[in-house]
Amino acid sequence: MRTILELLRLDAEQHLSVRQIAASLGLPRSTVADYLRRFRSTGLPWPLPAEVDEQTLEARLFAAVRQPPTVRPVPDCAYLHRERKRPGVTLQLLWLEYKAAHPDGYQYTQFCAHYGRWLATIDPVLRQEHRAGERVFVDYAGQTMPVVDPATGEVREAQVFVGALGASHYLYVEATWTQGLPDWIAAHVRMYEDFGGVPALTVPDNLKAGVQHACFYEPELNPTYQDLAAHYGTTVLPTRTAQPRDKAKVETGVQIVERWVLAPLRNHTFFSLAELNQALAAHRQALNARPFQKLAGSRCSLFETLERPALRPLPATRYVYATWKKARVNIDYHITVEGHGYSVPYTLVRQEVDVRLTSTTVEILHRGRRVAGHVRSAVRGRFTTDPGHRPKAHQRHLEWTPSRLIHWGASIGTATGHLVQQILDGYPHPEQGYRACLGLFSLGKRYGAARLEAACARALATSTPRYRSVKSILVAGLDRLPADEPVALVLPLEHAHVRGPAYYATLIPEGAPC
């Protein structure tokens, strides 16, 4: 107050200007002008009366301009925190809704400041912000659970799979025998079914079962894991290597599971994996239903009201575990998988294909397109062939069987049927006579069924049941002669290749000794 009294003295007694007073006292001119305006509004004289002390002067100076404090409605920060987890909800939208309900409320800056101060006071486990239905974080706990074999007493350590949803922090816990690919995939399937839906993103660690090659820029997923993601319509987003903060949600979830699910079961003895999972499910449900310490509700209530409605629906069918392999198509348009051959379209000869193996089927894909499917066979050294995969020429060749050829011959006539039978019987393997029988088929098209039947009858009569004999008979027209008429053999007397008796007479004189 001494500075204010000096300011008033310089103005009243020295008649200095505002600029001079400000320079003398080292105050801003606006402050000097404000104090002078306040003093004049009090109506007090200068010099001050004896009864006006410093405290009275201060009260008189600032009482005239002091406004009663306005009571503004404080935003419900717990509600804001819960609503921000919904897809598309921002602080600006929540502020607009707040201002619509309370026109005299805080402006946007103070609104955000109130929320930020409240956010700093809550449990850091729940401070990570994730949209509802957006992410689920998955990992295996470092702690295992012992399971005793009741027959042998052998103790086997079971692995503990943990999944944590991002928005509600709803936890899923399951025990599996191993961290291998089959158990990893099966745990995901059961987790999605427990949620009743599928999050948009599945965030795993760089576990070998899920990620074949960890890379900062382009991690390579296991094909089976990628197949699972495609079936459920989710996207696998592996974390960076050696970056636990990328999956802090599941790291915290694992810690909570170890403290509140596994630790209470430390003195229990389990004799089967099913018994262990039953106990884990009961403790997990109790943990999810436990109220938050600094927020309203629980993991379960947040999941039911916030997370579950935002999850994507489950597919109509459950995922069937499948392994993937690569194979190259052989020149016989077959691939070999575990010693058994499976056919593919012949146009893919020498090309590389992807093979998807389930317990019952074999699917073959080329550049992402399914080109063949077969029933899986465990018989080694055999072949499973789809006739449609063969070239047209091969299909036509293999359409004929011995019984079909004989049936075709009998449909022409008895002689043709007998001749086909004798042709097939004349070879060690009937397939060796297929071409000769198909040759007879072409002769029937050229000369007609009647002439072919007659030619076959003449070939059988002369004991020459061969394709060439039948063809010669048809070319010479012998099939038109009566069957009982002998064929006269007429030899020419003179021919360029026949020397005749005159030739020898010139070489051996008449009467010469032999």
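The values are calculated or read from the model by the stated rules, or taken from the named source; none is laboratory data. On a predicted model such as this, the values are computed, not experimentally measured, just so you know. Note that each Cβ is placed from the backbone with ideal geometry, even for glycine, and that neighbours are counted across all protein chains shown. Side chains included, ligands, DNA and RNA excluded: accessible areas come from the protein's heavy atoms. Shrake-Rupley method; radii C 1.70, N 1.55, O 1.52, S 1.80 Å.
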Can you name the number of the only condition in (1) surrounded by 12 or more Cβ atoms within 10 Å (Cβ to Cβ); (2) in a loop (DSSP other than H, G, I, E, B) that residue 268 fails? (1)
Using beta carbons and a limit of 9 Å, which pairs, at least six apart or on different chains, have the first residue in segment 342-353 and free of Cβ contacts under 8 Å to residues at least 24 places away in the same chain and the second one of a type in the set (D, E, K, R) and assigned to a loop (DSSP other than H, G, I, E, B)? 349/332
From the option list 83, 54, 58, single residue qualifying as touching a helix residue (DSSP H, G or I) at 6+ places or on another chain (Cβ under 9 Å), acidic (Asp, Glu) and within 30 Å of residue 167 (Cβ to Cβ) is 83
Restricting to segment 357-376, name every residue that is surrounded by 16 or more Cβ atoms within 10 Å (Cβ to Cβ) and among the polar types (S, T, N, Q). none
Could you list, in sequence order, all residues of segment 235-258 that are touching an Asp or Glu at 6+ places or on another chain (Cβ under 6 Å) and modelled with pLDDT under 60? 244
Answer with yes or no whether residue 12 is in contact with a Phe, Trp or Tyr (Cβ under 6 Å, 6 or more places away or on another chain) and surrounded by 12 or more Cβ atoms within 10 Å (Cβ to Cβ). yes
Condition check: over 30 Å from residue 147 (Cβ atoms) and within 28 Å of the chain's Cα centre (by Cα). Does residue 341 satisfy that? yes
List pairs: first in segment 128-151 and open to solvent by less than 10 Å² (accessible area, probe 1.4 Å), second part of a loop (DSSP other than H, G, I, E, B) and among the charged types (D, E, K, R), Cβ under 7 Å, 6+ apart or cross-chain? 132/85; 132/86
Within segment 30-49, which residues are assigned to a helix (DSSP H, G or I) and farther than 16 Å from residue 6 by Cβ? 30, 37, 40, 41, 42
Verdict on residue 279 being within 30 Å of residue 84 (Cβ to Cβ), open to solvent by less than 80 Å² (accessible area, probe 1.4 Å) and without any contact (Cβ under 8 Å) to a residue 60 or more places away in the chain: no
Residue list for segment 42-60, restricted to those being open to solvent by 60 Å² or more (accessible area, probe 1.4 Å) and among the polar types (S, T, N, Q): 55
Apart from one, (1) under 30 Å from residue 473 (Cα atoms); (2) at pLDDT below 85; (3) open to solvent by less than 80 Å² (accessible area, probe 1.4 Å) all hold for residue 395; the odd one out is (1)
Filter pass, residue 379 being among the aliphatic types (A, V, I, L, M), in contact with a Ser or Thr (Cβ under 7 Å, 6 or more places away or on another chain), open to solvent by 50 Å² or more (accessible area, probe 1.4 Å) and closer than 29 Å to residue 180 by Cβ: no
Residues that are open to solvent by less than 50 Å² (accessible area, probe 1.4 Å), closer than 23 Å to residue 403 by Cβ and of a type in the set (Gly, Ala, Ser): does segment 458-474 have at least one? yes
Would you check which residues across segment 15-28 are loosely packed, with under 14 Cβ neighbours inside 10 Å, of a type outside the set (A, V, I, L, M, F, W, C) and part of a helix (DSSP H, G or I) and list them? 19
Subset tally (residues that are open to solvent by 60 Å² or more (accessible area, probe 1.4 Å) and touching a residue at least 24 places away in the same chain (Cβ under 8 Å)) for segment 297-336: 12
Tell me whether segment 337-356 contains one or more residues that are farther than 30 Å from residue 195 by Cβ, of a type in the set (Gly, Ala, Ser) and surrounded by 18 or more Cβ atoms within 10 Å (Cβ to Cβ). yes
What is the one condition in (1) more than 27 Å from residue 229 (Cα to Cα); (2) modelled with pLDDT of 90 or more; (3) not basic (Lys, Arg) that residue 159 does not satisfy? (1)
Residue 262 closer than 26 Å to residue 152 by Cα and modelled with pLDDT of 80 or more: yes
Taking segment 133-152 only, how many residues are under 21 Å from the mean Cα position of the chain (by Cα), aliphatic (A, V, I, L, M) and in a loop (DSSP other than H, G, I, E, B)? 0
The residue from 225, 217 that alone is surrounded by fewer than 17 Cβ atoms within 10 Å (Cβ to Cβ) and either within 21 Å of the chain's Cα centre (by Cα) or at pLDDT 90 or above (or both) is 217
